[in-house]
Amino acid sequence: MGLSTGIASLDELLEGIYWGETLVFHGGDWSAFVPFVEALGALLETGLMPCCSFCFAESQLTRLQSLGPFKQRAVLAASDLQSAQQQLLDLISGDVPATYLFSDLGNAFPDERNVVALFQFFARRISETRSASYVFLQKGSVSNASIAQIVDGSSLFFDFWRVDRRVLFQPIKAAGRYDPKLFMPYELSGSGIRPASELDGESYTGELEEKSREFLRLYTEKRQVENELQRKVFELSLINSLTASLLSTMNLEEILYRILVGVTAKEGLGFNRAFLLLVNEREQLLEGKMAIGPSSLEEAIRIWTELSDRHLSYQDLLAAFDSGWPEHDAHVNRLVRQIRVPLKERSHVLIDLLMQTQPEVIGPGGTRSHPEGLKILDLLGVERSAAAPLVYRKRQLGLLMADNLISHKPISEDDLRILETFANYASAAIEHSRLYEEVRLRIKESERHIVELEAMQNRLMRSKKLSDLGELASKMAHELRTPLVSIGGFANGLLKRHGPDSPDYEELKIVVDEVLRLEAIIRNVLAYVSPGIPRSQPTDLCDLSDKMLRLMQGVFEARRIEVSTQYSNAVPRVLVDPDQIRLVLTAIINNAMESMADGGCLTVAIHNGQGFVRLSIADTGAGISEQDLGRVFDAFFTTKSLGSGLGLNIASQIIANHKGSIYAESQVGKGSTFFINFPAGTHL
């Protein structure tokens, strides 16, 4: 048996039935199918091709029992789409040629979307086999929109109806067949067909007109559904891409740039230019912040060609934030930054739009034709512009504006609606960025306060300890000074009465030297506790330094230390206490000499600076380790076996009282340099 409808004249009209085709018969009730079913059944009884029928109700199965020697009859008992698909896979064999009949399709599932999906699955499976299938679909079981999808998925689609006792049909779709005679109404007559145009009667004409209107409406609904679906898919894809991009950064500049790219990209909203105006709460202004877009047709062609050549995807464009972007769109950025409107000007079209919740069109033919709006359009060089408020939780953030300067494409209601959707997501991203920055600044400020509080607490604790220590040191120094003076006096008297030849001379000499050392320590302690207020006077530092070095010349020669000076010309006088500065120089030079145990070089330099005079003392001694360098000015810190550790601390206090600064640089094995900066001039 070959593939056939069972009606020879219909087969001839269709130029035969092909392997893998699915024929759909769409009728008002089962009686419309009976003539075709009987003809097909007679054919199947004489053939050897296996047959199988499917349905979703026993009542439908009994109607197909007269249709030839079926290999299998099945009632599909499926509660969901996946189960029904699996049952069909188990029943449909692609190994040998077969004929399949499918009845009661419209009642397969409550959700007709599953009905359409099941049919598409069934038809696709049949197309992969050496078989043919016949599907019976009752009118009214699914909507016209679903019928349109079934028409698209079928190979042949016939619409059946009855006029009186006559059965009429018309091919609606016949894939791969182009004979004009095919797409005409026909009547099943006995074992053949004849054109319905030979029939007369008002009932037929009315029925035909009704069917024409029905299918016109069906395809109109189909097109509307397809358009709406495409629009929804586009919007969802667009919003998903934008949201993912905006969530990937908290940098406000990047977020604003990506918003503008989304508005102007071909894969985005497709506007030619986009402008962002944000509320400046500090100055209470609505001001232009950022823009993107060409300024002329030539620039637009160049930009669009470049983007096309680079083959950048929409995601690439959204993520390609470049600090040089204002240079590429310098013209539109200059334009938008000229817009500065006080928020108190409620009558201004931009401020009025800012307070609204709906997007609008500014310009002739738009919802906004205010004179102020025309001034804005004149500034931007365009006749019409779309504007959507940026609002987040009733907080006005700014305006998102877009136009089609180059293409002159009209701004439709759909453009406004999707611009509004875009603006809603952009508003959330802008506000989140601002909140993030505010939290970051507050955290940074809190960290700074914590550091300051810790430093203040440490200073207070140190001041308390130093105060207590100073008070104790002062009392001890005064208590020790009196007996120490007496001991020193008696020791000096005894030393004078005993000559160098006396056996007691060396012991007495040690006592006198140690008393002198103790007296120096007591003086240092008292100076540390109360260094005294400087009695300042204009002083020549070069002269003061020379006198100090001449007094210590003998010590330098004894320790094999070479001394050199480096003075700038016309060093100005500084307002200092000469006696206290001598103490500072003495402490630093003594430390330098002690670091040069085997001799070395000592260099004293005085130079002019910008608003200060710098005095430096450099040695070629052992140097100071990095860990000790930061502590050399601390009280009681010393690396020597003998010494109070107060000399440099007292020196730093004296320099601080003179409103100067002192610091040190050193390299182990190469030497150290101490720098002192004095304020220049006669006033401290």
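A short reminder: the numbers here are calculations on the coordinates, not readings from a lab. Note that the structure is a prediction, hence the values are computed from the model and not measured. Reconstructed Cβ throughout: ideal geometry from the backbone, glycine too, with neighbour counts over all protein chains shown.
Report the FRET efficiency, 1/(1 + (r/R0)^6), for GLU445 and LYS670, where r is their Cβ-Cβ distance and R0 is 35 Å, rounded to 0.05.
Details: r = 43 Å, r/R0 = 1.23.
My answer for the efficiency is 0.20.
Using only alpha carbon positions, build the gyration tensor of the stretch 537-679, then give the equivalent ellipsoid semi-axes as the square roots of 5 times its eigenvalues, largest first, whole angstrom.
23, 18, 14
Nothing charged except the Cβ atoms of Lys and Arg (+1) and of Asp and Glu (-1): what's the magnitude of the dipole of the stretch 104-151 about its Cα centre? Round to the nearest 20 debye.
On the way: 5 positive and 4 negative charges, 34 e Å.
Charge dipole of the stretch 104-151: 160 debye, to the nearest 20.
Report the extension gain between TYR436 and SER296 in nm, rounded to one decimal, defined as 0.36 nm multiplied by the number of residues separating them, less their alpha carbon distance. Mind showing how you got there, number by number?
Values: separation 140, 0.36 × 140 = 50.40 nm, distance 3.78 nm.
Extending this stretch completely gives an extra 46.6 nm.
Using Cβ contacts closer than 10 Å as the measure, can you line up HIS408, HIS26, HIS498 from fewest to most?
HIS408, HIS498, HIS26
Just to be sure I understand the model, the point goes 7 Å from the Cα along the line to the Cβ. What's the resulting SER127 to LYS375 distance in nm?
Once both label points are built, they end up 6.3 nm from each other.
Rank LEU615, GLY630, GLY647 by how far each Cα sits towards the positive end of the charge dipole of the stretch 537-679 (+1 on Lys, Arg Cβ; -1 on Asp, Glu Cβ) and give me just the farthest.
LEU615
Of CYS55, CYS542, how do they rank once you tally other Cβ atoms within 10 Å and put the fewest first?
CYS542, CYS55
Given a Förster distance of 51 Å, report the FRET efficiency between GLN627 and ASN569 from their Cβ-Cβ distance, rounded to the nearest 0.05.
Once rounded, the FRET efficiency stands at 0.80.
Stretch ASP540-ASP111 to full length: gain in nm at 0.36 nm per residue minus the Cα-Cα span?
144.1 nm
For an R0 of 25 angstrom, estimate the FRET efficiency from the Cβ-Cβ distance between GLU413 and ASP352 and round to the nearest 0.05. Before the final figure, lay out each step's value.
Details: r = 20 Å, r/R0 = 0.82.
Step by step, r from the Cβ atoms, then E = 0.75.
Which order, highest average first, do 651-663, 99-111 follow once you tally other Cβ atoms within 10 Å for each residue and take the mean per peptide?
Top of the packing list down: 99-111, 651-663.
In the structure displayed, which of LYS375/LYS409; LYS344/LYS375; LYS464/LYS509; LYS464/LYS547; LYS464/LYS670; LYS222/LYS394 lie more than 30 Å apart, Cα to Cα?
On the way: LYS375/LYS409 21 Å; LYS344/LYS375 19 Å; LYS464/LYS509 41 Å; LYS464/LYS547 39 Å; LYS464/LYS670 38 Å; LYS222/LYS394 40 Å.
Long pairs (Cα-Cα over 30 Å): LYS464/LYS509; LYS464/LYS547; LYS464/LYS670; LYS222/LYS394.
Hey, can you rank 435-442, 385-392, 80-87 by average C-beta count inside 10 Å, highest first?
Listed from highest to lowest mean packing, they are 385-392, 80-87, 435-442.
Using packing as a proxy for protection, rank 627-633, 672-678, 606-612, 3-9 so that the peptide with the highest average count of other Cβ atoms within 10 Å comes first.
672-678, 3-9, 627-633, 606-612
At 7 Å along Cα-to-Cβ for each site, give me the label-to-label distance between GLU557 and ARG497 in nm.
According to this spin-label approximation, the distance is 3.7 nm.
To make sure I understand, if each residue's beta carbon is the centre and we count other beta carbons within 10 Å, what order do GLU283, GLU15 fall in, fewest to most?
GLU283, GLU15
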